[in-house]
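One structure is given here, and the rest of the page talks about it.
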Amino acid sequence: MIARRFAALLLLLWLPLSALADEAGEWLARVGPALRGLDYQGTLVVVADGRVETLRVFHAGSGDRERLVALSGPPREVIRDGHRVMCIGTGDEPVAYDLDQAGRWSAALAVSEAAGLGSYSARMAGEGRVAGHAAVRVEVRATDAWRYGYRLWLERSSALPLRVDLLDSAGRVIEQVAFTELALGAAPDEADLRPSAGAPLQRISRLPPPGDGAVAWRVPSPPAGFRLRAARPLPGGGAHLLYSDGLASVSVYAEPSAEALRGGLSEQRGAVHARAFWLEGWQLLAIGKVPPATVEHFARTVRPVPADG
């Protein structure tokens with residue numbers, strides 16, 4: 001066993017980095033089909049900011065349907081059917097979301113395409129076991145400090161993500177999502193996929209792509225790799241802008257402030273940071289699962305400019 005591991009280590013050291021990157025890209029390319037097409041059910045644990053949350057997951061590959069039920073904390077559940085997502089227990093009424101390329105449902109699905117993005121690099125990082133399943137590790141590291149990196153444990157036969165770690169610029173884990181128990185190939189019952197509230201899934205309009213002349217706000221110089229993916233006007237001449245590098249996303253809001261406030265405010269919950277400023281009758285807010293310096297830059301530099309400026 002020791003000799004075999006030592007030989008494997010020597011092989012990894014001998015292989016050129018380009019070969020490791022190509023292999024990592026091949027593994028990542030399999031994540032999307034695995035997440036969408038496989039039947040599975042199990043228990044997920046989310047560890048972030050000193051808190052631990054437990055979720056029960058049911059996924060049917062036929063139709064790409066999924067239900068997540070919180071087993072700890074307040075009663076909550078999320079039901080997904082293709083691009084439609086309903087959240088129950090987070091407000092007075094069930095809320096439906098319509099997801100598109102800029103608002104991915106699964107972080108692992110977005111990470112799976114990061115190997116082709118200029119702001120990230122991917123490479124193989126060894127092997128392991130998660131929830132009793134053999135796995136390969138793939139690291140997707142950010143090339144600068146504007147965004148986080150990821151480490152994924154992919155089930156060896158299917159490439160289904162078993163664990164995903166969010167990494168800061170020093171490689172420290174700041175958020176972790178992992179299966180503690182997984183029945184791969186076990187199709188859930190229809191009752192396991194239905195919302196407990198009995199409300200039907202609703203389709204709502206998604207954020208429109210940029211180019212609407214009514215949206216007169218922009219971030220003139222976003223961090224490298226980020227570009228405007230969607231924009232919509234808000235009452236009073238404000239706007240909601242969505243910037244993304246294809247993996248990380250930042251929402252920027254500009255809204256009139258009823259009071260003549262000045263100053264700023266910072267908030268953090270786990271890996272999600274928010275930065276707000278009040279200036280000349282406006283509240284400017286940036287929020288996203290990105291490092292604090294990134295939301296700081298977006299909140300400080302958003303400006304009222306012509307939509308084609």
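The values are calculated or read from the model by the stated rules, or taken from the named source; none is laboratory data. Bear in mind that the values here come from a model prediction, so they are computed numbers and not experimental data. Neighbour counts are summed over all protein chains in view; Cβ atoms, including those assigned to glycine, are modelled from backbone coordinates with ideal geometry. When the accessible area is computed, the model is the full protein with side chains, heavy atoms only, and any ligands, DNA or RNA have been set aside. Shrake-Rupley method; radii C 1.70, N 1.55, O 1.52, S 1.80 Å.
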| When you look at residue 197, is it at pLDDT below 90 and either within 30 Å of residue 302 (Cα to Cα) or among the acidic types (Asp, Glu) (or both), yes or no? | no
| Total residues in segment 177-194, condition within 12 Å of residue 88 (Cβ to Cβ) and either surrounded by 16 or more Cβ atoms within 10 Å (Cβ to Cβ) or at pLDDT below 60 (or both) | 0
| said: Here's a check for you: in segment 204-228, which residue that is of a type in the set (Lys, Arg) and open to solvent by 50 Å² or more (accessible area, probe 1.4 Å) is modelled with the lowest pLDDT? | reply: 206
| Taking the condition closer than 18 Å to residue 29 by Cβ, hydroxyl-bearing (Ser, Thr, Tyr) and at pLDDT 95 or above, does residue 121 pass? | no
| remark: Considering residues that are β-branched (Val, Ile, Thr) and either closer than 26 Å to residue 121 by Cβ or modelled with pLDDT under 90 (or both), the number found within segment 11-45 is 1
